[in-house]
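Novice: Here you go, one structure.
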Amino acid sequence: MDMVTKLGKENSVVIFSKTNCCMSHAVTTLIRNFGANPMIYELDQMPNGHQLEKGLKELGCDPSVPAVFMNKEFVGGSNEIMSLNIRGKLKPLLIKANAIWV
């Protein structure tokens, strides 16, 4: 879990993903459409991906991906991100994280 938290703090927006996960793709696309350039970690393409996935599950991510960090804090998975977007709160979070400026 420590490595997940460390990686989650390295950029204004960090997404833990898998290349074959449609929800990971949807969340990444949504965040990019706001103009953000998230750091994306594709767990299925990383040598330590299984360890990172275990750390995400310890954080409460079930399923483990997508998992989104903004402004150095864990925000949640696809349900939380989509809910924030529907309620109009995703863009302000991206601005607060200095991931977008408009």
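Derivation of every value follows stated rules applied to the coordinates shown; laboratory data play no part. All values derive from a computational prediction rather than experimental measurement. With ideal geometry, Cβ positions are generated from the backbone for all residues, glycine too; neighbour counts draw on all protein chains shown.
Novice: Starting from the Kirkwood radius over alpha-carbon pairs of the chain, derive D by Stokes-Einstein at 37 °C in a medium of 0.692 mPa s and give it in µm² s⁻¹.
Specialist: 248 µm²/s
Novice: Here's a follow-up. Would you mind calculating the gained length between MET39 and ASN98 on full extension (0.36 nm times residue separation, minus the Cα-Cα distance), in nm to one decimal? Intermediate results must be reported in sequence, preceding the final value.
Specialist: Working: separation 59, 0.36 × 59 = 21.24 nm, distance 1.35 nm.
Between MET39 and ASN98, full extension yields 19.9 nm more.
Novice: Against the longest principal axis of the chain, how steep is helix 49-59, in degrees 0 to 90 to the nearest 10, with axes from Cα atoms?
Specialist: Once rounded, the angle reads 60 degrees.
Novice: Note down the net charge around VAL65, summing +1 for each Lys or Arg and -1 for each Asp or Glu among other residues with Cβ under 12 Å from its Cβ. Mind dumping the intermediate values first?
Specialist: Numbers: positive: LYS18, LYS57; negative: GLU42, ASP44, GLU53, ASP62.
Local net charge: -2.
Novice: In addition: Looking at the chain, what % of its DSSP beta bridges pair antiparallel, to the nearest 5? Present the calculation step by step, with values, prior to reporting the outcome.
Specialist: On the way: 7 of 11 bridges.
About 65 percent, rounded to the nearest 5.
Novice: Just to confirm a number: summing +1 for Lys and Arg and -1 for Asp and Glu over residues other than PHE16 whose beta-carbon lies under 15 angstrom from that of PHE16, what do you get? List each step's numbers first, then the result.
Specialist: Numbers: positive: LYS6, LYS9, LYS18, LYS54, LYS57, LYS72; negative: ASP2, GLU10, GLU42, ASP44, GLU53, GLU58, ASP62, GLU73, GLU80.
That works out to -3.
Novice: Taking the Cα-to-Cβ direction at ALA26 and at ASN48 and moving 7 Å from each Cα, how far apart do the two end points lie in nm?
Specialist: Placing both labels 7 Å along Cα→Cβ, they lie 3.1 nm apart.
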